[in-house]
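Supplied in C-alpha cells, the structure appears directly below.
Since every read-out is calculated from the coordinates, none of them should be taken as a lab result. From a predicted model like this one, the values you see are computed outputs, not experimental measurements. Positions of Cβ are generated from backbone atoms using ideal geometry, with glycine treated the same way; all protein chains shown enter the neighbour counts.
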Amino acid sequence: MSKDADEILALLTQITQLTKNRKLEELKPFISDSKGIYIDLKSWKSKEEFLEEVRKEDGYIDLYFYHTEKLSKEKGELNVRTVRDLLILSEGLKVDFHFETNQACEIKLRFEKNNEYETELNNPYFIKENGNWYLYRLF
C-alpha cells in the first residue's frame, strides 16, 4: 500500500471507532478548517456547524448515526439501521481505494459479514490539504 493509502486507512479506522463509540465530537482534528465536511451525500457543514450538529440531541447525527428506534419512528419503517448499527453488523470492513487525484480519495467499503447491508452506507471521501489527509464525507 502507498503512504497515502496507509494514512487514509489509519484515519478511517479511527473514524469508525469514534462512530461506534458515539464520540463524533472527537472528529474535529480530522476535518479541514477550510473545506468542512459532508455528513451525507448532500448536506455540507463547516467544521463548527458539524460540531454543533453532533452536540444536538435529536439532530441529524443523533438520529441517523445512533438511535435505531427514533430513526424507525421517523421513517415509519421497522427495518432501519443507523450508521453505528451498520458498522457493528459489518464485523469488520474491507476497503477499496479510489484515488481521483493525488489530493482526493473515495473509499468503497465492503463488509466482512452481512454484506447485504453495504449499500446502506455512503462511501467516505478524503481530501489532502497542506500535506494532511482529512475526512470530507462521512459514511
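Does the chain come out rounded, prolate or oblate by the C-alpha gyration tensor, with a ≥ b ≥ c the root eigenvalues, rounded set by a/c under 1.5 and, if not, prolate when a/b is larger than b/c and oblate if not?
Judged from the Cα gyration tensor, the chain comes out oblate (a/c at least 1.5, b/c at or above a/b).
Now for a different question. To the nearest 20 Debye, how big is the dipole of segment 6-48 about its Cα centre, given +1 on the beta carbon of each Lys and Arg and -1 on that of each Asp and Glu?
Roughly 220 debye for segment 6-48.
Expressed in nm to one decimal, what extension gain is obtained for the pair R22 and E74 from 0.36 nm per residue of sequence separation less their Cα-Cα distance?
Length gained, R22 through E74: 16.7 nm.
Peptides 1-9, 33-41: what's the order by average Cβ count within 10 Å, highest mean first?
33-41, 1-9
Taking the mean number of other Cβ atoms within 10 Å as a proxy for protection, how do you rank 45-58, 65-78, 125-138 from highest to lowest?
In decreasing order of mean packing, 45-58, 65-78, 125-138 become 125-138, 45-58, 65-78.
Treating only the Cβ of Lys, Arg, Asp and Glu as charged (+1, +1, -1, -1), what charge dipole size does the chain show about its Cα centre? Round to the nearest 20 debye.
About 80 debye.
Given the rule -39500 (n - 2.57) for each run of at least 4 DSSP H residues, summed and divided by the residues of the chain, what is its mean residue ellipticity at 222 nm, to the nearest 500 deg cm²/dmol?
Mean residue ellipticity at 222 nm (helix-derived): -9500 deg cm²/dmol.
Return one number: the angle in degrees, 0 to 90 and rounded to the nearest 10, between the long axis of the Cα atoms of helix 3-20 and the longest principal axis of the Cα atoms of the chain.
Tilt of helix 3-20: around 20 degrees.
Can you compute the FRET efficiency between N102 and D33 using 1/(1 + (r/R0)^6), with r the Cβ-Cβ distance and R0 = 22 Å? Round to the nearest 0.05.
The formula returns an efficiency of 0.60 here.
Now, a different point. Highest mean first, how do 18-27, 83-92 rank when packing is the count of other Cβ atoms within 10 Å averaged over residues?
The most tightly packed comes first, giving 83-92, 18-27.
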